[in-house]
Each structure stands twice: as structure tokens, then as C-alpha cells.
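Undergrad: A single structure is presented below for examination.
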Amino acid sequence: MKKLNKSIFVFFIICSFTANAQSNKMNDFINNLMKKMTMEEKIGQLNLVTPGGTVTGAVVSKDVDDKIRKGQVGGLFGITGPDKIRRAQEIAVNNSRLHIPLLFGLDVIHGHRTIFPIPLGLSSSWDTAMIKKSARIAANEATADALNWVYSPMVDIARDPRWGRIAEGSGEDPFLGSQIAKVMVEGYQGNDLSKDTTVMACVKHFALYGAAEAGRDYNSVDMSKVKMYNEYLPPYKAAVDAGAGSIMTSFNTIDGIPATANKWLLTDLLRKQWGFKGLVVTDYTSISEMVNHGMGDDKKVAELALNAGVDMDMVSEDILKYAAQLVKEGKVSAKTIDDACRRILEAKYKLGLFDDPYRYCNDQRAKTELMSQVNLEEARKIAARSFVLLKNDNHVLPLKKSGTVALIGPLADSKRNMLGTWSVSGDPEKSITIMQGIKNVAGNDVNILYAKGANISDDTEFIKRVNVFGEEITVDKKSPEEMINEAVETANKADVVVAVLGEAADMTGESSSMTHIGLQESQENLLKALVKTGKPIVLVLMNGRPMTLTWEDAHVNGILDVWFGGTEAGNAVADVLFGNYNPSGKLTVTFPRNVGQIPIYYNHLNTGRPFHPGDSPKFKSDYLDASNDPLYSFGYGLSYTTFSYSNISLGNKTLHPNGKITASVTVTNAGTVAGKETVQLYIRDMVGSIARPVKELKGFQQITLAPGESKKVSFTISVSDLKFYNSDLKYVYEPGNFKVFIGTNNRDVKEADFKLE
Ligand code: BGC
């Protein structure tokens, strides 16, 4: 044992010696380079431009080639492929005075060419190893396409389904969000950024973007520090601790100051408290947008951003225009520019770009590694694991591999809508629709009938807004009545109806907030007509946000939420519909009954007047016209089998601050098919110096059980699971009573009590 400790010690000494030597080498290199740089050249490094490609705002950079030659560009985003990227890199390396290579970034959010489920879907798998694998594959493809920087993971906690960007994150919970943030960074960056298959991650959007008021995109955020520290900041911190190379500022204000000018956020918290050493990039034109926020003119906002701690300006070019003047006038110090420039050069150094600026430009890899068969197979598996079975009365699912299926709905055969938001490099033409997937999987004994039944929406103004990137909502030549009649006739000929309804891909994502989050009227009318046929109905829901589905839940027999599942979604949906994969996803965000309940999330505080069913309702915290309960709660998701849970057995009733206790349950597969279960552990701190949430996720484990099989699942609890930020923002634990809950979701749980001494 002693010998082992000694060799571990020696190993660590060698590692830290090597790391120091490497960092000294990097510092020497960058010091030498910076000595040769003029102030203008340093400022040039701080400029990130897009020649087109991904444009999410007003400005598209002009004269990009010329600017690269003049040393006025540090990085490019929005272009892909070894040819284009090599060409741009050659201008920087051959024609700029100091030959400094460029960074090449892109929004690789849920896969690059092979598209995986949208992040909200990925998170619903609760399978962190698999999520990491998806990021690894995305990094492989991105680097094969010559990129070295991805604008992901998006780790904004979001509890408002009106906000379209809820699709891009991992839902409402800080614990799960942190685990996913960490594995995404690890998946992208690996353990060596200079490898030609790893990319620099960019954690976004720092910070609190998911709490935009009223769910309206880019809106203000106002939040107590206690809530920030306990509930919203942990995933960013987890990504920083995992070594993320860069972080992107958010569009919103925090305490009245836009994140991009927020010195407390970018310097005091991020750099000083968290020790972040990487580079801070703004979001798209978020510097110049501060003029609209009322922070000053273009020059003033550049000054604010630099002094707050911004290193790189995405697209606004205000730093390029004004920084030199600001330094001359003493409003920004030369050291601030040096520090920002150094961080960008460090990123380039770590990516190995000074050794070989073309290390990511490999034509052979671009030919063989993009959308390879192996990647597509992974995408199919991953997609199936992201689906959440919300309802399954009388085992309407899985479907039999015989008989007649009426496949109905505007999303049943729509290649354009399979990939979901932020799939900028995905090719919708290569995506598998649900119709195609069912044909591939069902076998010859299944007769498939099809009718579109409705347009995704009939609202022409709305359609125009959704279709800005292409025709996601197609308007049929037939009238709504004709389409519904055809669908009803088709349903009448079948044994079961599979209705594929929901949102077009760009009804969620950036700038896609909605006040109505139910099905569009056209689809509601269709579903009502189908229900009237009396046939068993399975609703396959495609969506990027929690939707209000109270009517649907009460009237259809089965609901499978498949999000936007990516390139292989159609095959994966068919795998689940026909029972080749038993669904195992669990919601990572609460589904409200109606918009009026928002924000609604499981880990809320108690009130002084909590409402319990059966109570007299007057003067209780409730609604006159609706229940407090969500439609589907966090952690919820069914399987084709059922799992039964034993009571919790606690190793000890008392936890000593330096000790641990175990909480165990035995889980049994009580059904007739094998299944995967996510066993969830929640804790409640019964008395605190600040009010504590009614439940907080503190652990989860996934097990697979054959029919009749049982497994004991044990969690270890220590004080680190009980800590929180108190009103002095100290990270503390407080002695007292705690409840521990273990179950299949946050509501159906067994519970036990213990005491922390
Ligand atoms: C988005 C970011 C994205 C950037 C670059 C912005 O509008 O908010 O998430 O990374 O554009 O495309």
C-alpha cells in the first residue's frame, strides 16, 4: 500500500513537472511573439469575424481576406471544409506580417454532419457516457471538416418552455446539467487539445441566459445571488472545472449590466473565484448591442467589454475599431489588451496551430470520416435512448409487427424537420423520416397507410416567420377539411393510428420564443378527428420544448416524445415503436399543464402556505383555476416494463461531517420485457438558514434488468451532497434533519430520514 502511494506521488510529481515545462515553453514562445507585435496586431487577434455561413444577427463582416492580411483577424467562424479553411489559413500564415494562424469555430451543437438529438433530447437519456460519446464523434467530424473550435456545450439552466432555446440545453436541474456540461467538454477536448481529432469547447452562454424574463429571447435577467449560485451557475462552473478552453458571454443583463460588460461576472467570479484561464468570447454582436441596452455609444461599449474581461469580439468589430484609441486615451490599459491577446494566442498554441496551422485540414479524413456508417449507427442508438414514453395505456406500445398502421401527420414524412435547431452542417436530405424508419423496421407483415392530415400550422404570418431558413412548414394544396377527411378515412382502415405531430424544427432554437406551447390549431383539429374514429392512437411528438398536452394526455392511448432526434431519428423512432428498443428516457424539464403555471420546476422552495391535495384551498399557495401539479414532472418517463422499488435501507441514521452513509434500494423488473431504469436520488434539507428546495437531485444510476430480475442500487451520501451557498454566498453544510428520496422520477419515491451532526 505504502509502495503504491509512493509511486502515485512520484507519478504526480512527474506529471506536474512535465506540465510546468510545457507551460514554460508556451510562455516563452508567446512572450517572444508578443514582443514583435504592434498594439494594432494585438488588437487584431481580438477580432472574430464571419464571412457568411452562420449569421444570427445584423452584421456580416466585410473585406475579410484583406483584414486577415493586415493582421486584423484572430479567428473566423461560419465556414467549413479543408479547402475553404486552408485557403483562409494560408492568407493568415503566408500573407500577414507575423504569420499567426487563425482559429476556426462553428456552432457544432448536437453533432456536426451526423446530427444527434437536440441537447434537451440528449439530456433525457441521462446517459452521460453516451452523451460524451456524442461529443467525441462531433469533435471527430468537426476536425475532419477542418474546424478547431466548437460553440458548445450550451449549459444554460432553463425553466421556461416559452424560451425557444430551452431545446439547446439540458433542462432545469443544476446537478444533472453539471454532469452533462463536464462530459461534453471532455468529449470535445479529450485530454490533449493539440491532437488533430480534438476541438476547443466553448461553454455558453455566460451567464443565466436561460432565465430571460417571460421566456422572450435576449430579454433581461434579474435574479438573487443565492439562486444564481445554487441553481444557475453550477453547470458553467462544472464546465470550467473540466478544463473548457473558452466561454461565451450571454446577451442578457445581470443586475442591470449586460453580461458582456459585467466585470463582476467575467473577472471577479469567472477569473478570480473560479480560476478560469481560457478565453472569453462575446456572443454575436453582443458588444455593439450594448448601445441598445443604453450603455453608451460604440466606443464606450468596447471600453466596457474590454474592462469587464472580454478577450474576443464576435462580429461587432468595435474592439478592432476603438481599442487603440481607448488605450491612447488611458481608458483601457495596454495590459488589458496584452492579457486578452495572450489568451487567444495560448488557445492557438494549445491547439497546436503554431506547430502546424493546417493540422486540421486533412482531405482524406474529410472524405472518409464524415457521416460514416459507424457514426450513423451510433446516432440511431443515441436517438432511441433520448425518447421519453409519456403515456402507454393498455400497452398500446410496442406495436405488433403485423396488421395495418395508419401513419398520419405533417411530421411523419418530413426530412426537413428531423434535425432540429442548430444543425448548421447537417444535411436534411440525408435524414431518415419516421415513414422511412417504419418501412425499414416493421417488416413485410405490416401494411403502412399514410396521410398528411394537416399542415403543421395554417397561420400564414406564423409560417413565414418559422420558414426563414427554408420550407419547414409546407402548405398543402388540399384544404384543411380535405386533409382531415383523408386522414380519418385512412385511420378507419387501420388497426392503430400513429400520429406524428408537434413543432417544426425552427419553432424552437434562437429567436423562437412562443406564448402558445400547445399543438397548433390545425394539428389539434386533426387529432380530435382521429380520436373520434375510436381507433387506438399513438401520438409521436416532435418538439424542442415542453408542450402543454393536457387534452392529448386525456384522449390518446400512447405518447412518445421523440424531440428532434437527428439524422437517424426515423429509424430510432421505429426501433422504439416496434419494441426493438425499450424506451428509457426521462424528462429533464417539467411539462406544465398550461402556460399560466410557468415557471414550474420540481426543485422549487416551499411557501409558508403550501397546498396539499385535500386541504381547504382558501389562503393556500395555489390557483383557483388549475392544479399546482405539472402534467409530467422532472425525471418522469415510462418503459414497456415496470420497475418496483423496495423501501430505502440506510447504512446509518446519522451522518458525521467527515463520514458517509449509504442509501440503498432494491429495484425489480416487474414486467415481461428487459428494460433500462434510471434510479434517481433526491435530498431535502429540512431546516436551513435559507429556505431550501423541496427536493434536489443528488445522484442517479442506470441499470438494466431482465424480466423478474432484481438489483440492489446503493448511493453514498456525504456532506458534499448537502452543501449549498448561504446568504453570505459561503458554500456550507448545516447540521440537522434531511430526507432522502429514491425513485423512478422525482414524485414516485421511497423516503427515509437521516441527521447530519
Ligand atoms: C448565438 C450563439 C452562437 C453564435 C454564433 C449567436 O446568435 O447566441 O449561441 O454560438 O450566434 O453562431
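Undergrad: Using the count of nearby Cβ atoms within 10 Å as a rough guide to exposure, how do ASP356, ASP217, ASP685 rank from fewest to most? Please report the intermediate quantities before stating the final value.
TA: Values: ASP356 12, ASP217 17, ASP685 20.
With the sparsest Cβ surroundings first, the list reads ASP356, ASP217, ASP685.
Undergrad: So if each residue of separation counts as 0.36 nm, and I subtract the Cα-Cα distance between SER720 and LEU98, what length gain in nm does that give?
TA: Contour length minus the Cα-Cα distance gives 219.0 nm.
Undergrad: Show which lysines lie in cross-link reach of LYS618 when reach means a straight Cα distance below 27 angstrom and same-chain residues fewer than eight apart are skipped.
TA: LYS695
Undergrad: Hey, what angle do you get for helix 318-328 against the long axis of the chain, alpha-carbon based, 0 to 90 degrees rounded to 10?
TA: Relative to the chain, helix 318-328 is tipped by roughly 40 degrees.
Undergrad: Set the bar at 20 Å for Cα to Cα. Now go through LYS367/LYS430; LYS272/LYS350; LYS133/LYS723; LYS328/LYS350; LYS367/LYS415; LYS277/LYS698 and name every pair that lies beyond it. Don't skip to the end; give the middle numbers.
TA: Numbers: LYS367/LYS430 16 Å; LYS272/LYS350 22 Å; LYS133/LYS723 31 Å; LYS328/LYS350 32 Å; LYS367/LYS415 24 Å; LYS277/LYS698 29 Å.
LYS272/LYS350; LYS133/LYS723; LYS328/LYS350; LYS367/LYS415; LYS277/LYS698, as the Cα separations exceed 20 Å there.
Undergrad: Let me ask something additional. Would you mind estimating how fast the chain diffuses translationally, via Stokes-Einstein at 37 °C and 0.692 mPa s with the Kirkwood radius over Cα pairs, in µm²/s?
TA: Values: Rh = 27.3 Å.
For the chosen part, D equals 120 µm²/s.
Undergrad: With axes computed from alpha carbons, what is the tilt in degrees of helix 521-532 against the longest principal axis of the chain, rounded to the nearest 10 within 0 to 90?
TA: 30 degrees
Undergrad: Could I ask something else about it? At a 10 Å Cβ-Cβ cut-off, how would you order ASP445, ASP748, fewest neighbours first? Mind dumping the intermediate values first?
TA: Working: ASP445 9, ASP748 13.
Going from least to most buried by this count: ASP445, ASP748.
Undergrad: While we're here: Direction-averaged shadow area of the convex hull around the Cα atoms of the range 373-589, nm²? Mind showing how you got there, number by number?
TA: On the way: hull surface 45.4 nm².
Computing the convex hull of the Cα atoms and averaging its projections yields 11.3 nm².
Undergrad: Right, here's the next one. Can you give me the orientation-averaged projected area of the convex hull built on the Cα atoms of the range 643-756, in nm²?
TA: Working: hull surface 27.1 nm².
In nm², the orientation-averaged hull projection of the range 643-756 is 6.8.
Undergrad: For TRP274 and ASN32, calculate 0.36 nm times their separation in residues minus their Cα-Cα distance, and state this gained length in nm to one decimal. Don't skip to the answer; put the middle values down first.
TA: Values: separation 242, 0.36 × 242 = 87.12 nm, distance 2.88 nm.
Result: 84.2 nm gained on full extension.
Undergrad: Kindly state, to the nearest 0.05, the FRET efficiency for SER727 paired with ALA752, given R0 = 25 Å and r defined as their beta-carbon distance. Intermediate values should be presented prior to the final figure.
TA: Values: r = 29 Å, r/R0 = 1.16.
Taking R0 as 25 Å, the efficiency between SER727 and ALA752 is 0.30.
Undergrad: Let me ask something additional. May I ask you to list the aspartates and glutamates whose Cα is less than 20 Å away from that of LYS739, ignoring any residue fewer than eight positions away on the same chain?
TA: Candidates past the 8-residue exclusion: ASP173, GLU231, ASP685, GLU696, ASP721, ASP748, GLU751, ASP753, GLU757.
Undergrad: If each residue of separation counts as 0.36 nm, what is the full-extension length gain between GLU524 and SER616 once their alpha-carbon separation is subtracted? Walk me through the numbers before you get to the answer.
TA: Details: separation 92, 0.36 × 92 = 33.12 nm, distance 3.53 nm.
So the chain would gain 29.6 nm between GLU524 and SER616.
Undergrad: Sort 610-620, 549-559 by the packing proxy (mean of other Cβ within 10 Å over each peptide's residues), most packed first. Present the calculation step by step, with values, prior to reporting the outcome.
TA: Working: 610-620: 10.1, 549-559: 19.1.
For the peptides 610-620, 549-559, the packing ranking is 549-559, 610-620.
Undergrad: Whole Å is fine, so just give me how far the alpha carbon centre of the range 337-364 lies from that of the range 118-152.
TA: 21 Å
Undergrad: Round to the nearest 10 and give me the degree value, 0 to 90, for the angle of helix 174-189's Cα axis relative to the longest principal axis of the chain.
TA: On a 0 to 90 degree scale, this one is about 60.
Undergrad: What ranking of SER720, SER639, SER123 emerges when the number of other C-beta atoms within 10 Å of each C-beta is taken as an exposure proxy, fewest first?
TA: Values: SER720 10, SER639 23, SER123 28.
If I rank by nearby Cβ atoms, fewest first, I get SER720, SER639, SER123.
Undergrad: Let me ask something else about it. In the structure displayed, which of LYS225/LYS750; LYS300/LYS335; LYS62/LYS299; LYS25/LYS321 lie more than 26 Å apart, Cα to Cα?
TA: On the way: LYS225/LYS750 33 Å; LYS300/LYS335 18 Å; LYS62/LYS299 19 Å; LYS25/LYS321 33 Å.
Over 26 Å apart, Cα to Cα: LYS225/LYS750; LYS25/LYS321.
The numbers here are math on the coordinates, done by the rules we state, and not lab data. Everything numeric in this text was worked out from a predicted model, so none of it was measured. Please note: Cβ atoms are built from the backbone with ideal geometry, for glycine as well, and neighbour counts cover all protein chains shown.
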